[in-house]
1. Gaussian network model of chain B, Cα springs within a sub-10 Å range: biggest mean-square fluctuation belongs to which of B:ALA190, B:ALA198, B:ALA40?
2. Suppose R0 equals 30 Å; then what is the FRET efficiency for A:ARG85 and B:GLU70 from their Cβ-Cβ distance, rounded to the nearest 0.05?
3. Report the local net charge at B:GLY221: Lys and Arg +1, Asp and Glu -1, summed over other residues whose C-beta lies under 15 Å from its C-beta.
4. Applying a 10 Å radius around every beta-carbon, put A:108-119, B:74-85 in order of their mean neighbour count, most first.
5. At q = 0.07, 0.10, 0.11, 0.12 Å⁻¹, what is the base-10 log of I(q)/I(0) for the protein assembly as shown according to the Debye formula with one equal point scatterer per Cα and no solvent? Please give it to two decimals.
6. Compute the FRET efficiency between B:SER238 and B:ILE188 as 1/(1 + (r/R0)^6), taking r as their Cβ-Cβ distance and R0 = 25 Å, and round to the nearest 0.05.
7. Near A:ARG171, within a Cβ-to-Cβ distance under 14 Å, what is the net charge of the other residues, with Lys and Arg +1 and Asp and Glu -1?
8. Using Cα pairs closer than 8 Å and at least 6 residues apart in sequence, work out the relative contact order for chain B, in percent.
There are 2 protein chains.
Amino acid sequence: MLFNASPDIRQQIAATPELQPHENGPLRATPIRAVILTNADVDHIAGLLALREREPFALYATARVLEVLEANSIFNVLDRAIVHRRELKIGTQTDVLDATGKSTGIVVETFTVPGKVALFLEDQAKAAEGFGTQEGDTIGLRISSKGNEHSVFYIPGCARIDAMLKSRLERADCLLFDGTLYTDDEMITAGVGSKTGARMGHVSISGEEGSLAALATLGIGDRIYVHINNTNPVLDDSSVEHAAVVGAGWKIAFDGMEIRL
Amino acid sequence: MLFNASPDIRQQIAATPELQPHENGPLRATPIRAVILTNADVDHIAGLLALREREPFALYATARVLEVLEANSIFNVLDRAIVHRRELKIGTQTDVLDATGKSTGIVVETFTVPGKVALFLEDQAKAAEGFGTQEGDTIGLRISSKGNEHSVFYIPGCARIDAMLKSRLERADCLLFDGTLYTDDEMITAGVGSKTGARMGHVSISGEEGSLAALATLGIGDRIYVHINNTNPVLDDSSVEHAAVVGAGWKIAFDGMEIRL
C-alpha cells in the first residue's frame with residue numbers, strides 16, 4: 001500500500017519486490033489500482049504526473065481537491081478514459097474500487113482535520129489575514145481491509161490536534177501521522193525557508209501542543225511518523241530528537257516499510 | 001548546461017561535480033540560473049515542480065508556453081518574487097539574464113520548428129481533424145556563449161524536417177536533435193502506447209523522411225540525439241539501429257554528457 005503519490009513513487013515501487021508487475025502483465029504498468037489524495041498540495045498531487053503512461057487506476061479525492069485537478073489542465077495527462085476521478089464524501093465510508101469498478105478490498109473512512117488550502121492556491125490578499133480551512137482542504141483517512149478488524153489512520157498533514165481528533169484516534173491500532181517538522185521554526189533556523197510549520201499547516205512533533213505530547217496517552221498501537229521534512233532531526237539516527245521520539249514509542253517511516261495489521 | 005527541465009533533473013545535477021553548489025552557498029540551491037522551455041508538453045514543464053524550494057532563476061518561454069503555465073495554478077509553487085517569467089520572442093536573439101538581471105553570458109536565438117500543441121492541451125474535437133502548429137508551440141534554439149564563435153542547436157521536438165530547417169542547420173557546429181523514436185510505429189509495436197511518432201509531433205530517426213537521412217548532407221559538426229524514448233533501440237549498444245546511427249556519425253546523449261565547443 002503506497003500512501004502518497006510522491007515524486008519518487010516509481011523508485012519506491014522498483015525497490016519493492018511485491019509491487020513488481022506480473023511477468024505477463026502489460027509493460028509500463030504498476031500494481032497501483034487506486035490513488036487517494038488527502039489534500040491538493042504539490043507534494044501530494046505532483047506524483048500523479050509520473051503515473052501518466054496509460055496506467056489505469058481510480059483517483060479518489062474530495063470535491064475541493066478534484067476542483068484543483070480540474071482547474072489545472074496538466075492533469076489531463078491522466079487519460080480520463082482509464083483514470084477515473086471519483087469524489088470522496090467527507091464523513092463516509094467508501095469501498096475503494098479500481099478503474100474497472102472492481103473492489104480492491106480496501107475501505108476508507110474520511111474525516112476533516114485541521115489544515116489549510118494548498119500553498120500555491122493561496123490568495124495573496126488573504127495571506128495577510130491568515131487562512132481558514134474549508135471542508136475538504138485536508139482530510140485524514142481510516143483505512144481498513146475487508147475481513148480484517150484492524151485499521152490504520154493516515155494523517156500526513158495536520159495543523160492542530162483538537163479534542164475531536166484525539167477522540168477519534170483513541171485506541172487506534174495504527175497511526176501514520178504528520179512528522180513534517182520537529183520544531184515550528186526549524187526551516188527558518190536551518191536557513192532553507194521563511195515559513196513556520198504553523199504557516200504551512202503542520203503541527204510540530206515537539207512542544208506542549210506538539211504531536212508527541214498530544215498523542216501520548218490515547219492508547220494507540222503502532223505510531224509512525226510520515227511526511228518528514230529533510231530538516232527534521234528525527235531522520236538522523238544519532239540525534240537526541242530521534243532518541244526522544246523512539247523512546248516515546250514512535251517509529252520513523254522509511255521507503256519500503258511494511259506494516260502488518 | 002542542462003537542456004531539459006526533466007523530472008530527473010535533480011539526479012542529473014547530483015551526478016555532475018561541476019553543478020554542485022558552492023560550499024558556502026545557500027542550502028537547497030542549484031547552480032541553475034535560467035530555464036528555457038521549448039514547448040509546453042509535460043516532459044518539458046513537469047520538472048519545474050522539482051525546482052520549487054525557493055530557487056531563484058529566470059524562466060524563458062514563448063507567449064504560448066507562458067500562457068500554459070499561467071493557466072495551471074500548480075506552477076505558482078515557483079514564487080514569482082524569485083522566479084521571473086520572461087517572454088521569448090520568436091526569431092530574435094536574447095541575452096539570457098538570471099533572476100537578478102545579470103547576464104549569464106548565454107545568448108539564445110529562437111525559431112519555430114514543425115511541431116504541435118502539448119498532448120494534454122488537445123481539444124478532443126480537433127483531434128479528429130489533426131493538429132496544426134501555432135507559432136510558439138514548439139521552438140528550436142541556437143545557443144551560444146559570448147566570446148565564443150561556436151554555437152549549438154537544440155531541437156528536442158520536431159515533427160518534420162523542412163527546407164527552412166535544413167537551410168538553418170547547414171554547417172552547424174553542433175546539433176542536439178529529437179531522437180524520440182527510431183520508427184514511427186515503435187510504441188505501438190512495443191505494446192506501450194497507441195500513438196505514432198507523427199501523432200506526437202516527433203519525426204523518426206529512420207526512413208526516407210527520417211532525421212538520419214534528412215540531416216546527413218548538411219555538413220553539421222557534432223550530431224547528437226536527445227529526448228530519446230525508452231522504446232528506442234538506439235539506446236541498446238548492441239542493436240543494429242545503434243550501429244546504424246553511430247556509423248552515420250551521430251552520438252547518443254547520456255546523463256552527464258559534456259559538450260565542448
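1. Maximum fluctuation in the GNM of chain B, among the listed residues, is at B:ALA190.
2. Details: r = 24 Å, r/R0 = 0.79.
In this case the efficiency is close to 0.80.
3. Numbers: positive: B:ARG142, B:ARG168, B:ARG171, B:ARG223, B:LYS251, B:ARG260; negative: B:GLU149, B:GLU170, B:ASP173, B:ASP222.
In short, +2.
4. On the way: A:108-119: 21.0, B:74-85: 17.5.
So the peptides A:108-119, B:74-85, ranked by packing, come out A:108-119, B:74-85.
5. Taken in order of the listed q values, log10 I(q)/I(0) reads -0.44, -0.89, -1.05, -1.21.
6. Details: r = 24 Å, r/R0 = 0.95.
Approximately 0.60, to the nearest 0.05.
7. On the way: positive: A:ARG142, A:LYS166, A:ARG168, A:ARG223; negative: A:GLU149, A:GLU170, A:ASP173, A:ASP222.
So the surrounding residues net to 0.
8. Working: 490 pairs, mean separation 34.6, N = 261.
Worked out over chain B, it gives 13 percent.
Readers should treat all values here as calculations from the given coordinates under stated rules, not as data from a laboratory. This is a predicted model, so every value here is computed, not measured. Heads up, the Cβs are rebuilt from the backbone with ideal geometry, glycines too, and the neighbour counts pull from every protein chain shown.
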